[in-house]
Amino acid sequence: MYADDSTLYTSDISVSNLETILRKDLNRVLEWCYINRMNLNAQKPKCMLVGSSHKLSKSRDLHLTVCDYKIESVKQYKLLCVNLDNILKWSCHVDSIHKKLTNKVLLLRRIKPYITLEMRKLCYNSYILPIIEYGIILWQYAPKHKLINIADIHKRTARMILDKSWDHPSTPLFKELNWFLYNPVLLIM
C-alpha cells in the first residue's frame, strides 16, 4: 500500500536550516510509513524553494534525499490542480486556466445549436465557471495582462451563449445571465 500525495513545507531564511528541518520531517514520514506498513515511492518526491526572484538568485537549490534517492529540485509544480511557481507569479497557472477555458468554450460552441439557452447556462455553470473559481483567491495576483485574457474569454462566452455579436457590450449580457462582473485586475466576483 502507498501513502499518496503529501506535502511538507517549512520556512526559514537559511537554505541549510531548511534542509535540516526537512530532513527531520522526511525521517518522521519514513518512520510513519514503516509503522503503518506503507511504502514511499522514493523516486516521486520533488522539492521547491519559494521566495522572491532576488533572494532566489542569491541562494542555492535544496539538496535532499530520501531512501538514497536525490529529491529533484523544481521551479514549478502542480499541486491539487494549482500550478505553483517558485516566485508565486501565477502566470503558469493562469496560462493553464486559459487553455482549459478555451477548450471548454469551444466544446460549448460546438453543441450550442443543439441545446437550449437554459442548457447553455447550465453547461457554463457546471463546466466553465468552476475552472475560473478554483483557487481564485491565490491566482488573482497574476500579472494584469494574463487576467485580462481570462476576462476576455468570459466576455466572449457570454456573447456566444446569448447569440450576440462579437462587439456587443458585455456588461448588459452579464446582467441578463445573472453573472458577476469580473474585474480583470482582481478577478473578484
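Here are the numbers for the structure shown:
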read-out: In Hz, Karplus ³J(HN,Hα) per residue of the stretch 28-43 (6.51, -1.76, 1.60; θ = phi - 60°; x = Gly, Pro); value: 5, 5, 4, 5, 4, 4, 4, 4, 8, 6, 10, 9, 9, 6, 5, 8
read-out: Net dipole in debye of the stretch 15-75 [+1 Lys, Arg Cβ; -1 Asp, Glu Cβ; about Cα centre; nearest 20]; value: 160
read-out: Over the stretch 15-75, equivalent-ellipsoid semi-axes from the Cα gyration tensor in Å; value: 26, 12, 8
read-out: In Å, descending, principal axis extents of the Cα set of the stretch 42-91; value: 32, 29, 9
read-out: For the chain, with +1 on Lys and Arg beta carbons and -1 on Asp and Glu, the positive-most of Leu108, Cys33, Leu79 along the dipole; value: Leu108
read-out: Space enclosed by the convex hull of the alpha-carbon atoms of the stretch 91-177, per residue, Å³; value: 92
read-out: Difference of contour (0.36 nm per residue) and Cα-Cα distance, His98 to Arg28; value: 21.3 nm
read-out: Selection from Ala42, Trp139, Tyr124 lying farthest towards where the dipole of the chain points positive, charges on Cβ; value: Tyr124
read-out: Charge dipole magnitude, Cβ of K and R +1, D and E -1 - the chain, Cα centre, debye nearest 20; value: 560
read-out: Cβ-based net charge around Tyr69, under 15 Å, with every Lys or Arg adding one and every Asp or Glu removing one; value: +2
read-out: Between the stretch 110-178 and the stretch 30-100, the Cα center-to-center distance that results, in Å; value: 32
read-out: Largest to smallest principal axis extent of the C-alpha atoms in the chain, angstrom; value: 60, 42, 21
read-out: Potential lengthening between Leu56 and Ser14 on full extension [0.36 nm per residue; Cα-Cα distance subtracted]; value: 14.0 nm
read-out: ³J(HN,Hα), Karplus 6.51/-1.76/1.60, whole Hz, each residue of the stretch 115-132, x for Gly, Pro; value: 10, 7, 4, 4, 5, 4, 4, 4, 4, 4, 5, 8, 10, 9, 4, x, 5, 5
read-out: Of Lys78/Lys146; Lys104/Lys146; Lys24/Lys100; Lys78/Lys144, those spanning more than 28 Å from alpha-carbon to alpha-carbon; value: Lys24/Lys100
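Coordinate-derived values only; no laboratory data. Not measured: the values here are computed from a predicted model. Note: ideal-geometry Cβ built from the backbone for every residue, glycine included; neighbour counts use all protein chains shown.
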